[in-house]
Amino acid sequence: MVLARIRKFGGYMSNMVMPNLGAFVGWGIIAALFIPTGWIPNEQFNELVGPMLRFMLPMLIGYTAGYNIYGQRGGVIGLFTTMGVIIGSDVPMFSGAMIMGPLSSWLLKKFDENIGCKVKAGFEMLVNNLSLGIIGMILALIGYVTIGPVFNAVVIFFSNGINWMMQEGLLPLLSILMCPGQVLFLNNAINHGILSPIAYQQAAEMGKSIVFTVDSNCGPLLGTLCSIALWGKGKAKKTAPLAMFIAGIAGIGEVYFPFILANPIMILATMAGLSTSLFLLVLLDGGLVGMPSPGSLLMIAMMTPKDSIFANFIAILAGFIVAFCVGTLILKIFGSPDEKESAATLSMVDNISAGNVTAENKTNTESNEGNNEIKLIVVACDSGMGSSAMGATVLKNRLKKDGITVEHAASGNINKEADMVVTLEGILERAKISLNSKKAIFISVDNFLKQSQYDNVIEIIRKRNKL
């Protein structure tokens, strides 16, 4: 299935970026405060902005991408080879890091598996260091000569294309791509693979970029949810206010997706709102200095430069109002979908996000034969945020008296000490490969937020821990 493969690809890219979000946020705050157009311009502190953007952030991505594939050795060679594409390019090399990190760590892993394992005892350290150094050197040189310049040209080409769309007033057309991509859970692939490199390049040149607002602008989706909260029916109407709070304040936009999946025509409301926001951002010269992740109103405010306060506020508000009005019109004309069908879709959203749509709620348990006590549980999804974070909270509340630690993580970055992994059926195998543990119990669920899905989890824990 093409969409499932794209979602999986987006999940891999997300796993390279998500563990480093704190650094991206920190860089964004420094830029928002100290660049010449920032809140408190400072020439000395502004000297941090360029090097962090060009070197630190791509290097973090390269290291994380390598680490996800081959641990510490993968991380080291991923960072090493990423330097080749960084120096070989004049633009921030996020895309190059996403290529070199995984590629170099995978090649090193294959070398160790097929050649390094044949080294005689006593020579392991010598061969390990030489293999990493030589393979890393070759790939860094290749990256410098080929990949760096190629991606430099690609980023500049698309950046010029975005600038042309802005000049011609065509940027609102991006809503046609972005809104359906979001609800089909392709936002990671679109945002991290296409938009972010362009946005950071523009931010480096102009101090801000409208492209940061294409995926993170929560105004239109909040307007759509508000119309459902007022004029919808049944479960959608009852849960929309809570979804608005989670999406707007916590920045977890995934809670909005099932409402559109339950009533697809409502995507027109969000598209109209986002188009309006983008039009006003171009007209009023708005934009952000960095990616607000998660895309909450608070993070958007923190990433707003001083000269874009009015533009960003008006654009987000207008996007909310237009989405609300269009959503209201749609609901008044076409009404809400059948309640049973809507409820089924709303409860299946997490299963859909894994590329495994099914009409049944079933729990598939796979466990080992051991009797180890369960002390650490990891709830895992594609990106390690959103639905898995909320699911971890649900499970944590049910286990708060049992002294068990519950974490959430991306399926490719699971804590190696995990005794149990709770994930979606569609990414169960990926989680197993990532953890590669014989002692861990793997449990798949259909919906992270449904309390009853954890009954089987609780039962296994009680038996294993003799509670």
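None of the figures in this text is laboratory data; all of them are computed from the coordinates on show. None of the values given here were measured: they were computed from a predicted structure. Note that each Cβ is placed from the backbone with ideal geometry, even for glycine, and that neighbours are counted across all protein chains shown.
Compute the convex hull volume of the Cα atoms of the range 238-345, divide it by the residue count, and report the result per residue in Å³ as a whole number.
With only Cα atoms used, the range 238-345 gives 93 Å³ per residue.
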Over the range 146-265, what relative contact order in percent results from Cα pairs under 8 Å that are six or more residues apart? 20
From largest to smallest, what semi-axes in whole angstrom does the range 220-298 give when each is the square root of 5 times an eigenvalue of its alpha carbon gyration tensor? 24, 15, 9
Sequence-distant residues sharing a close amide H with V379 (under 5 Å, placed H): E407, H408, A409, V422
Per residue of the range 227-236, what does 6.51 cos²θ - 1.76 cosθ + 1.60 with θ = phi - 60° give for ³J(HN,Hα)? Whole Hz please, x for Gly and Pro, Karplus curve as stated. 5, 5, 4, 8, 10, x, 9, x, 4, 4
Using modelled amide H (1.01 Å from N, peptide plane; none on Pro or chain starts), what sits under 5 Å from the amide H of V445, excluding residues fewer than 5 places away? T423, L424, E425
Residue by residue through the range 60-67, the couplings from Karplus 6.51 cos²θ - 1.76 cosθ + 1.60 with θ = phi - 60°, in Hz, x for Gly and Pro, are 4, 5, x, 5, 4, 4, x, 5
Amide H within-cut-off set for M303, under 5 Å, with H built and near neighbours excluded: none
Taking θ as phi - 60°, what are the ³J(HN,Hα) couplings along the range 392-405 by the Karplus curve (6.51, -1.76, 1.60), each to the nearest whole Hz, with x for Gly and Pro? 4, 5, 4, 5, 4, 5, 6, 10, 5, 8, 9, x, 10, 7
Sorted peptide list for 269-281, 209-221, 301-313, 408-420, criterion being average Cβ within 10 angstrom, highest first: 209-221, 269-281, 408-420, 301-313
Largest-first principal axis extents of the Cα set of the range 123-259 (Å): 69, 46, 24
Starting from the Cα-Cα distance between K396 and I29, subtract it from 0.36 nm times their residue separation and give me the gain in nm to one decimal. 129.0 nm
Length gained, L177-F45, 0.36 nm per residue minus C-alpha separation, equals 43.8 nm
Mind ordering 164-171, 54-61 by average Cβ neighbours within 10 Å, highest first? 54-61, 164-171
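Too long at a 23 Å Cα-Cα cut-off: which of K120/K439; K235/K396; K375/K396; K109/K438; K110/K375; K401/K432?
Flagged as over cut-off: K120/K439; K235/K396; K110/K375; K401/K432.
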